[in-house]
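> Before I ask anything, let me first share the structure, which is written out below as structure tokens.
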Amino acid sequence: PRAQARGAAEPRASRSPNPNPHPKPPARHESSRTGQPRTSHRRATAAAAASSMSTAPVEVRDYRPTATWSSDARVLWGMLASPIRGDTQQERLESFYASQAELYDAYRYRMLHGRLPMAQAMPQGGTWVDMGGGTASNLEFFGEDGLGRAFDRVVVLDLTPSLCEEARKRIERRGWGDFASVVCGDACAQDLDGMPPAGSVDLVTFSYSLSMIPGWRAALDNAMRMLKPGGHIAVCDFTTFADQASWHASFWTAFFANDHVHLNPEHHEELRTRFDAKTFETGYGSFPYLLWPRSAYYYYVGQKRAEPL
């Protein structure tokens, strides 16, 4: 039914063994959300507005692009029926996304339930690098006029050429080109043109991208290298949990693997080892046109330590 197409996310239960994959929600973990006074790189009118903002962060608003039955059908065909070809990771990703790049956001925002709360939890200010940022849709959470007040510089990195092209179109259309840019390359590479230098970045994000990076630990190494001491990392993604029913975890692991998305609870375990956790929340979210079962996800915000342990 169409009423189910939007999808909904439900919070996850506490970590006691339980065969029910959709338990009751836990008490929320303590979150950290700070805004830093800064000077915008927007044009003179935006800079003048920024100077009167005090330290209040820009409001994060939901982003809900319009979808149709026809556009959803094209995306579902690409996800479920279109063959994935290629010898390299970039070729496989391009084979998968090329036919659906312009429709990517309108379908997927209804299944990527961790994006909005991650954007609300992550700090603002300085330089933001969005690793595996796709079409740059995460920038929309801050609004056309708010993004340049929330961050001095934004870099969207993605390996898929067709998604990078959509990201460039969005930045040009929104008028963000004086402070936002797109780099097409590997999140594990440390020598890409257009990326900020080591130790200069305030925030690195992975939004449903860490599970698609084969060398995900190398990608985290790269994020750690770019971050300033005290800088933050924010991640949201699909996952499985130790207390999740085995059939439920196995279903979603196999479902996502077909599209080269690899669910791995070691992702959030590694994050909590490398960084000081500020926020870690979990939940279960629905998919368009799939009433049940719901898939597990998490979002995490951590801070780089001033001195490595």
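> Using only Cα atoms, what Kirkwood radius does segment 190-309 have, in angstroms?
Final number for the Kirkwood radius of segment 190-309 is 15.4 Å.
> Still on this structure, please answer the following. Taking the Cβ of HIS267 as the centre, find all other residues whose Cβ is under 13 Å away and add up their charges (Lys, Arg: +1; Asp, Glu: -1).
-1
> Hey, another quick one. Cα centroid distance between segment 224-247 and segment 277-309, in Å?
Spelled out, the Cα-based centre of one part sits 6 Å from the other.
> To continue, here is another question. Rg over Rh of segment 116-192, using C-alpha atoms and the Kirkwood radius, what does it come to?
Checking Rg against Rh, the ratio lands at 0.94.
> Want the number for LEU192 to ARG272: 0.36 nm per residue separation, take away the alpha-carbon distance, what's left?
26.1 nm
> How charged is the neighbourhood of SER82? Take every other residue with its Cβ under 11 Å from the Cβ of SER82, and add Lys/Arg as +1 and Asp/Glu as -1.
Net charge around SER82: +1.
> Please go through segment 138-212 and write out the GluC sites (Glu not before Pro) that DSSP classes as loop and that have at most 15 other C-beta atoms within 10 Å.
Answer in residue order: GLU144.
> Taking Cα centroids, how far is segment 160-182 from segment 100-118 in Å?
17
> Taking N as the number of residues in segment 101-243, what is its Cα Rg relative to 2.2 N^0.38 Å?
0.98
> Pop the C-beta distance of ASP87 and ALA254 into the FRET formula with R0 = 25 Å and round what comes out to the nearest 0.05.
The formula returns an efficiency of 0.60 here.
Bear in mind these aren't lab numbers, they're just calculated from the coordinates by the rules spelled out. Worth saying up front: this structure is predicted, and the values here are computed from it rather than measured. Cβ: placed from backbone, ideal geometry, glycine included. Neighbour counts: every protein chain shown.
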